[in-house]
1. Set the Förster radius R0 to 30 Å, insert the Cβ-Cβ distance between Asn103 and Arg244 as r into 1/(1 + (r/R0)^6), and round the FRET efficiency to 0.05.
2. Put +1 on the Cβ of each Lys and Arg and -1 on the Cβ of each Asp and Glu in the chain; which of Val30, Asn87, Ser125 then has its Cα farthest toward the positive end of the dipole?
3. Cβ under 10 Å from Arg69's Cβ, Arg69 left aside: what net charge do those residues give with Lys, Arg +1 and Asp, Glu -1?
4. Could you give the Stokes-Einstein D for the chain in µm² per second, using the C-alpha Kirkwood radius, 20 °C, 1.002 mPa s?
5. Give the calculated FRET efficiency between Glu25 and Asp136 to the nearest 0.05, with a Förster radius of 41 Å applied to their Cβ-Cβ distance.
6. Rounding to the nearest 20 debye, state how big the charge dipole of segment 87-238 is about its Cα centre with +1 on each Lys and Arg Cβ and -1 on each Asp and Glu Cβ.
7. Arg85 to Ala16: extension gain in nm, 0.36 nm per residue of separation minus the Cα-Cα distance?
8. Rounded to the nearest 10 degrees, what's the angle between the helix 80-89 long axis and the longest principal axis of the chain, both from Cα atoms, 0 to 90?
Amino acid sequence: MNTPLLEIDRLTVGFAEPRRVLVDEVSLSVDAGSATALVGESGSGKTLSMLAVMGLLPPGISVLGGAARLGGVDLLSLPPRARRRMNGSRVALIPQDAMAALNPTLDIQSQFELVLRAHQRIGGSAARARTIELLDQVGIPSAASRLRSYPHEFSGGQRQRVMIALALSCGPELLIADEPTTALDVTIQQQILDLVARLREEIDMTVLWITHDLGVVAGLADRVAVLRHGRMVESGTAEQIFYRPAQPYTRQLLAATPTLFDPDPELDPGPGPAPGDPVEAGTEA
Ligand SMILES: Nc1ncnc2c1ncn2[C@@H]1O[C@H](COP(=O)(O)OP(=O)(O)O)[C@@H](O)[C@H]1O
Ligand SMILES: [Mg+2]
C-alpha cells in the first residue's frame, strides 16, 4: 500500500476555551493521482477542515487534536515558514469566491509575479511568459493582452479561471477546490469543473473536491467522503457512495440531488429522516 498523498487523521478543530468542537475527529485519506470529493451540507465543516490542513484557520479557531500529513510530512507541527512554503508549492486551494481571494488593487500580472517570485524565484520577463502560459492553459482568451487588467475587469467565470491559474502557478501536487463554482451560473459552473478535470489529467495532479452538492462531483470523483455536523459519516469509492450508500444520511443527500437521479417521488419516497433528525422544510415536496 502506498502512503496517501494527504492523510487526515482524527482531525479535531474548534474553539479551545470555552471548548466548542466544529470538526470532530475527521479522518480522510487522499491517494496520489485520485480525485476525491468531500461532500456535506453547508456548515458541516468542510472548509474548516481544509483551512486546518493549510494552516489558515480564522482567529480563535484552532486544531484541538489529530494529525494531517502531506506526503508523510506532519503539517500541524511544521514551523510557520515551512508551512507557508508548502502552501502553493505542494498544495494549493481554489476558494469559493475568486473575487475575495484576488487582490482588487493589483493587476493580474503583478499578482502572478508575487507568487512566482516567492515560490519559484522567477521574475521579470520569465514571470510574464509563465503567466501568459498559465492563463492560456486555463482558457483566458488573448492572455497576453489581459496582463494589465484588474480582477474586476474579468467576468466571474474568468476570475475563477485566473484563480485556478494562480493556484497552478507553482505546480502543486494537491489542488483543493473548495466549492469553486457555487458563485457561478450553471453553464459556467460546468466549464470550470471540466477545466479542473482536464488540468488534472494534463498535469498529473491530485484533486480534492469540496462541495455541498453530490451532483457536482458525480463523474468527477473516484472516491467520496461524506461529512455531517463536523463528523465523517462514511467514505468509499464513488461507485459505493452513489449506488450502495451504507448510511441513511448519504441516501438522504442523494435523494436531495434531483439532477443526479431524477427520483420519482411516487415510486421512491426515499428514506425518512433518522431518529432525532430535524425535518427540514421542503424535503417532502
Ligand atoms: N470564523 C468562524 N467563527 C465561528 N464559527 C465558524 C467560523 N467558521 C466556521 N464556523 C462554524 O463551523 C462550522 C463549519 O463551518 P465550515 O467549515 O465553513 O462549513 P462548510 O464549509 O461545510 O460549509 C459551522 O457551524 C460554522 O458556523
Ligand atoms: Mg465551505
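1. Values: r = 46 Å, r/R0 = 1.53.
E between Asn103 and Arg244, to the nearest 0.05, is 0.05.
2. About the Cα centre, the residue reaching furthest to the positive side is Ser125.
3. Details: positive: none; negative: Glu7, Asp9, Asp74.
Cβ neighbours under 10 Å give a net charge of -3.
4. Details: Rh = 20.0 Å.
Result for D is 107 µm²/s.
5. On the way: r = 43 Å, r/R0 = 1.06.
So the FRET efficiency works out to roughly 0.40.
6. Values: 14 positive and 17 negative charges, 86 e Å.
The dipole magnitude comes to about 420 debye.
7. 22.1 nm
8. Taking the Cα atoms of the chain, the angle to 80-89 is about 90 degrees.
Values quoted throughout were computed directly from the atomic coordinates according to the rules given, and no laboratory measurement underlies them. Since the model is a prediction, treat every value here as computed from it, not as a measurement. Quick reminder, even Gly has a Cβ in these numbers, built from the backbone with ideal geometry, and neighbours come from all protein chains shown.
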